[in-house]
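Below is one structure, written out as structure tokens, with a few remarks after it.
Bear in mind these aren't lab numbers, they're just calculated from the coordinates by the rules spelled out. Quantities reported herein were computed from a predicted structural model and do not represent experimental measurements. A quick note on method: Cβ atoms are made from the backbone with ideal geometry, for glycine too, and the neighbour counts reach across all protein chains shown.
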Amino acid sequence: MRRLLRAPNAALAQIWADLLCQAGYPTTVQRLFLSGAAGELPPDQCLPELWLRHDEHEAAARALLAELERTPQRRWRCPGCDEEVEGGFEQCWACGAWEPRP
């Protein structure tokens, strides 16, 4: 087994692990419940970690995560107030108008 990376939080750790597993790179999340010890232990040592089951998958797994990082975020312009809305939001945060459908 080889440690691949530390995730900033448990939710991202699990999403990334699921993505890697679906791609054929068996991955487990370790230190998932260690965040409660932050303060007694250095906080960076309490982050969840992704571990690959097979060392030979490391390069491909890192490439897959790097590709995910480069995925552009969706953006749209609100027809109601002309505000730019980022991410997966379907409703404008400023005026409440819904994203126009193509």
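Please identify the cysteines of the chain that lack any partner cysteine with a Cβ under 4.7 Å from their own Cβ.
C21, C46
How large is ³J(HN,Hα), in whole Hz, for each residue of the range 63-73 in order, when computed from phi with the Karplus curve 6.51 cos²θ - 1.76 cosθ + 1.60 and θ = phi - 60°, using x for Gly and Pro?
5, 5, 5, 5, 5, 4, 5, 8, 5, x, 7
Efficiency by 1/(1 + (r/R0)^6): what FRET value for A11 and E56, r their Cβ-Cβ distance, R0 = 30 Å, to the nearest 0.05?
With R0 = 30 Å, the Cβ-Cβ based efficiency is 0.60.
So which trypsin sites (Lys or Arg not before Pro) in the chain pass both tests, a DSSP loop state and at most 10 other Cβ atoms within 10 Å of the Cβ?
Taking the chain and a limit of 10 other Cβ atoms within 10 Å, the loop trypsin sites (Lys or Arg not before Pro) found are R70.
Which of the chymotrypsin sites (Phe, Trp or Tyr not before Pro) found in the chain are loop residues per DSSP with 14 or fewer other Cβ atoms within 10 Å of their Cβ?
F33, F89, W93
Tell me, what ³J(HN,Hα) does each residue in the range 29-40 have, in order and in whole Hz, if you take phi through Karplus 6.51 cos²θ - 1.76 cosθ + 1.60 with θ = phi - 60° and put x for Gly and Pro?
In residue order, the calculated couplings are 9, 10, 6, 5, 10, 8, 4, x, 8, 4, x, 6 Hz.
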